[in-house]
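J.: Sharing a structure below in structure tokens format, with a few things to ask.
What follows is calculated from the coordinates using simple rules that are stated; it is not laboratory data. Because the structure is a prediction, the values reported are computed rather than measured. Positions of Cβ are generated from backbone atoms using ideal geometry, with glycine treated the same way; all protein chains shown enter the neighbour counts.
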Amino acid sequence: MSIDRYEDYLKNERKMSANTVQAYLRDIRHFADFTGSRGLGDVAEASNADVVAYLMNLKTAGRSRSTVNRKLASIRIYFDFLQREGLVKINPADDIKSPKIEKREIEFLSIEEIERLMSLPDDTQKGIRDRAVLELLYATGIRATELIQMKVPDVNLRMGFIKCDGQHSKARIIPMGRLCRKAMEDYMLDVREKMLRGKESQVLFVNYMGEPITRQGLWKVLKEYGAAAGLSVSLTPQVIRNSFAVHMLQNGADIKSLQELMGHEDIAATQAYLAVTKNRIKDVYDKAHPRA
């Protein structure tokens, strides 16, 4: 199994992010372990029956449909690579249909809930940092990974925008609103240096020990404020990202601009938010119109 060449292929030709590459490699190693348990010396020898058995094993183990779909996609891409390298003649996953995934309702906050959330951080060092985190997530709609990986040079306070490299090769320039810009100034100019405790780092958001804030640390911050705000849904980075998208559309943003801001490769991902806004409009109509 040529993992090194495959990793290079995912990074440089498929233009996948480091996190996505590692997820695909884990999936293939997991599949290789499974085929090895069935007596195959090399995962490249896997047949259609081996792939089907693997997917059934995942289902029996209680894995979600989205997980099964991702692992099937990983296998397809890996065998596409092997075909390209001339190492196999057929892709054993080609004619296997992905399990249908039930569409989950998009969770987002009302504007009133956003206002309540933003009023919670205090004027301590942690509070000032947390306000900057919350404001940046909501003002720009960036992903959790993008926030965690953001560097100081990615923020232009004077012009009021951030540069986000995102999950793929194309960078995005995203404006910051007035309130977000103020929160970022307070954190970057007054607090960040103190939290670093003399350490040298270009990472934008750090914890009390001067280390980069982790994914777990970010989720802990959001859980804390979500509980304090008494929100209608559990607060996660995705919920704030959803709120950004829905509120932008409700206030007149066009779908193409929103796609660029959110870094969606496929506009279908952005269009999913249109259904939310249309349902919202219908709810308002049904409640407001005397003959609805």
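J.: Full extension from D94 to S110: what is 0.36 nm times the residue separation minus their Cα-Cα distance, to one decimal in nm?
T.: That pair, D94 and S110, stretches by 1.5 nm at full extension.
J.: Between V206 and residues 5 or more places away or on another chain, which pairs have amide H atoms under 5 Å apart, with H built 1.01 Å from N, and which residues are they?
T.: Distant-sequence amide H within range of V206: I213.
J.: Right, here's the next one. Using 0.36 nm per residue of separation minus the Cα-Cα distance, give me the extension gain between R63 and D33 in nm, one decimal. Please report the intermediate quantities before stating the final value.
T.: Working: separation 30, 0.36 × 30 = 10.80 nm, distance 1.69 nm.
Result for the pair: 9.1 nm of gain on full extension.
J.: Over the chain, with a Gaussian network built from C-alpha contacts below 10 Å, which listed residue (L40, L222, L137) shows the highest mean-square fluctuation?
T.: L40
J.: Could you give me the ³J(HN,Hα) list for the stretch 16-21, computed from phi with Karplus coefficients 6.51, -1.76, 1.60 and θ = phi - 60°, whole Hz, x at Gly and Pro?
T.: Coupling constants for the stretch 16-21: 8, 5, 4, 5, 5, 4 Hz.
J.: Right, next: Quick one: helix 125-140 against the long Cα principal axis of the chain, what's the angle to the nearest 10°, folded into 0 to 90?
T.: With both axes taken from Cα atoms, the answer is about 70 degrees.
J.: Per-residue ellipticity at 222 nm for the chain, helices alone: DSSP H runs ≥ 4 residues times -39500 (n - 2.57), over residue total, nearest 500 deg cm²/dmol?
T.: Details: 13 runs with 165 residues, N = 292.
When only DSSP H runs of four or more count, the value is -18000 deg cm²/dmol.
J.: Going through the cross-link list K15/K182; K163/K199; K151/K182, which pairs have a Cα-Cα distance over 28 Å in this structure?
T.: In this structure, K15/K182 lie more than 28 Å apart at Cα.
J.: About its Cα centre, how strong a charge dipole does the chain have in debye, to the nearest 20, once Lys and Arg get +1 and Asp and Glu get -1 at the Cβ?
T.: Numbers: 46 positive and 39 negative charges, 80 e Å.
About 380 debye.
J.: Next question. Could you work out how far the C-alpha centroid of the stretch 100-155 sits from that of the stretch 223-273, in angstrom?
T.: Spelled out, the Cα-based centre of one part sits 10 Å from the other.
J.: FRET efficiency for R197 and D254, Cβ-Cβ distance as r, R0 = 41 Å, nearest 0.05?
T.: That pair, R197 with D254, gives E of 0.35.
J.: Hey, of (1) 23.9, 82; (2) 22.6, 71; (3) 18.8, 58, which did the structure itself give for Rg and Dmax of the Cα atoms in Å when calculated?
T.: From the options (1) 23.9, 82; (2) 22.6, 71; (3) 18.8, 58, the structure gives (2).
J.: In sequence order, what are the phi-derived ³J(HN,Hα) couplings for the stretch 216-232 according to the Karplus relation 6.51 cos²θ - 1.76 cosθ + 1.60 with θ = phi - 60°, rounded to whole Hz, with x for glycine and proline?
T.: With the stated coefficients, the stretch 216-232 comes to 5, x, 5, 5, 5, 4, 5, 4, 4, 6, x, 5, 5, 7, x, 6, 6 Hz.
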